[in-house]
Amino acid sequence: MNAMLTTPTRKRLQTALEHASGDKRFKILEVHMKKHLFRQDALIQVLHKAQELFGYLEDDLLLFIAHKLKLPPSRVYGVATFYHFFTLKPQGKHTCVVCMGTACYVKGADKVIAAIQQQAKIQPGETTPNNQISLLTARCIGACGISPAVVYDGVVTPHATPESAVARIEQWMTP
Ligand code: FES
């Protein structure tokens, strides 16, 4: 494990790696890094892919990337925060990421996101005024077999419908 890390960071990385083993999106991201031969100068491309898969760049995800590219986490955080096209962890208590990749789209992801937008009264990339919910989109999260897929607070949920999405949003709206 990365010798540049402090003990708390190392612990967080450990947790991130454990989490990564059960989440297909980390595998897809790793394949992408491999395609770039784990080159450190491919960091921006890797961050783009990560955002495409997860909708935003959470701490654990940045640590995972730093570990795999053998870069200091400060460098990865620096790049992720410098460019406006990267979104770090949204401020809402809950996050809802709707996959808008082709397979999900043809199975009705557009209707799911429209229902969420209407219910929460926010657009993708926004957070409700009471900071309860942030809405984001992703492009193919590697779960096409269960499309349309929506990720609620980091948990990939299969076969979303406008009704199931509205039910979740209603539940979250009440603080
Ligand atoms: S298009 Fe949504 S999981 Fe692949």
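The values are calculated or read from the model by the stated rules, or taken from the named source; none is laboratory data. No experiment lies behind these values; they were computed from the predicted model shown. Virtual Cβ from ideal backbone geometry, glycine too; neighbours counted across all protein chains shown.
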Quick count over region 89-143, residues being away from the ligand (no atom under 16 Å from the Cβ), of a type in the set (Gly, Ala, Ser), touching a residue at least 40 places away in the same chain (Cβ under 8 Å) and in a loop (DSSP other than H, G, I, E, B), is 1
Just to be sure, is His84 farther than 21 Å from Leu17 by Cα and more than 16 Å from the ligand (Cβ to nearest atom)?
-> yes
Considering region 78-99 alone, what residues qualify as being out of contact with any strand residue (DSSP E or B) (no Cβ under 8 Å at 6 or more places or on another chain) and under 12 Å from Thr137 (Cβ atoms)?
-> none
If you check Val112 against the conditions, is it modelled with pLDDT of 95 or more and exposed (fewer than 15 other Cβ atoms within 10 Å of the Cβ)?
-> no
Working only within region 162-175, note down all residues that are of a type outside the set (D, E, K, R) and either surrounded by 15 or more Cβ atoms within 10 Å (Cβ to Cβ) or assigned to a helix (DSSP H, G or I) (or both).
-> Pro162, Ser164, Ala165, Val166, Ala167, Ile169, Gln171, Trp172, Met173
Just name the residue that is nearest to the ligand (Cβ to nearest atom) out of those in region 152-167 that are at pLDDT below 95 and hydrophobic (A, V, I, L, M, F, W, C).
-> Val156
Mind checking whether some residue in region 56-71 is touching a strand residue (DSSP E or B) at 6+ places or on another chain (Cβ under 7 Å), under 21 Å from Ser21 (Cα atoms) and either within 16 Å of the ligand (Cβ to nearest atom) or in a loop (DSSP other than H, G, I, E, B) (or both)?
-> yes
Would you please list the contacts, defined by Cβ atoms under 6 Å and residues six or more apart or on different chains, that run from a residue in region 69-88 that is in contact (Cβ under 8 Å) with a residue 60 or more places away in the chain to a residue that is in a loop (DSSP other than H, G, I, E, B)?
-> Pro72/Met4
Can you pull out the residues in region 29-61 that are more than 17 Å from Val150 (Cα to Cα), at pLDDT 95 or above and of a type in the set (A, V, I, L, M)?
-> Leu29, Val31, Met33, Leu37, Ala42, Leu43, Ile44, Val46, Leu47
In region 5-12, is there at least one residue being more than 25 Å from Cys144 (Cβ to Cβ), outside the structural domain of Ala149 (by TED's automatic domain parsing) and touching a strand residue (DSSP E or B) at 6+ places or on another chain (Cβ under 9 Å)?
-> no
In the set Gly108, Gly22, Gly55, which member is of a type in the set (Gly, Ala, Ser) and within 14 Å of the chain's Cα centre (by Cα)?
-> Gly55
